[in-house]
1. Could you tell me which label, among (i) 1.12; (ii) 1.21; (iii) 1.38, carries the value of Cα Rg over 2.2 N^0.38 Å calculated for this structure?
2. How much area per residue is accessible in the chain when the probe is 1.4 Å and only protein heavy atoms are counted (Å²)?
3. Just PRO28, PRO48, PRO76 to compare: in a GNM of the chain, with alpha carbon springs under 10 Å, which one fluctuates most?
4. Taking springs between alpha-carbon atoms closer than 10 angstrom, which of ARG51, ARG65, ARG74 fluctuates most in the Gaussian network model of the chain?
Amino acid sequence: HEPGARDFATDVYSFGAVLYWALTGTVPFAQSEPDFLERVRTHPPVHPRQRNPLADPRLCDIALRALAKRPEDRFPSMAAVARALD
């Protein structure tokens, strides 16, 4: 990174969690689940269409990419998310 460069990975992840909630009515990982932090770190969320079969598949793909475990697998910026939503 350049000195002072902004890393958008956490913004993208947060957006993915909000979009997931909008699609399913639930968060990707419930804090009541056993080993909550371990699950967040190592397990993918349940596919949104398993929780809401009517969820738009394109929006599901965007949410899941935004929630990718490895930051380099997420959208590189919120501008890239906006382009995907167009």
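The values are calculated or read from the model by the stated rules, or taken from the named source; none is laboratory data. Everything quoted here is computed from the prediction, not taken from an experiment. Calculation scope for accessible area: heavy atoms of the full protein, side chains included, ligands and nucleic acids excluded. Shrake-Rupley method; radii C 1.70, N 1.55, O 1.52, S 1.80 Å.
1. Matching the structure shown: (i).
2. 68
3. Judging by the Gaussian network model, the answer is PRO76.
4. Of ARG51, ARG65, ARG74, the Gaussian network model singles out ARG51 as fluctuating most.
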